[in-house]
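The numbers here are math on the coordinates, done by the rules we state, and not lab data. Note that the coordinates shown come from a computational prediction; the quantities given were computed from them, not determined experimentally. Note that we place each Cβ from the backbone using ideal geometry, even for glycine, and neighbour counts take in every protein chain shown.
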Amino acid sequence: ESDAGDYTCVCGDEQSTASLAVHALPVFFLEELKNEEAQEGTSVSLRCELTKAAPVQWKIGPKVLKASDKYQMRQSDIAAELVITDLEVKDT
């Protein structure tokens, strides 16, 4: 999308200009989340990959998670990861 705009070709006193519109492709999951099992008191990492870099939001049910000592969220380019520490049964 950052390539959109007006482009001009100049040759001496002559010029030609055209507008370029770039339509964004939708984001899809290349690698979806996988079910995990872990012991109480340990940590678990949930990871997914997207077709392109895009912001993600982590939820448990309808509740949006926020970064904290318990929930660590990382995103690098197309990979998104949620680390849940000190697991409790209620984290199921």
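Taken over region 49-76, the criterion of being out of contact with any Leu (no Cβ under 7 Å at 6 or more places or on another chain), in a loop (DSSP other than H, G, I, E, B) and of a type in the set (S, T, N, Q) is satisfied by GLN57, SER68.
Residues being part of a loop (DSSP other than H, G, I, E, B), within 16 Å of the chain's Cα centre (by Cα) and more than 30 Å from ASP3 (Cβ to Cβ): count how many of those fall in region 18-48. So that I can check it myself, show each step before the final result.
Residues of region 18-48 that are part of a loop (DSSP other than H, G, I, E, B), as a first pass: 21-28, 32-43.
Still in the list and also within 16 Å of the chain's Cα centre (by Cα): 24-28, 32-33.
Remaining after also requiring more than 30 Å from ASP3 (Cβ to Cβ): 33.
Within region 18-48, residues that are part of a loop (DSSP other than H, G, I, E, B), within 16 Å of the chain's Cα centre (by Cα) and more than 30 Å from ASP3 (Cβ to Cβ) number 1.
Screening THR8 against (1) touching a residue at least 40 places away in the same chain (Cβ under 8 Å); (2) more than 24 Å from the chain's Cα centre (by Cα) leaves a single unmet condition, (1).
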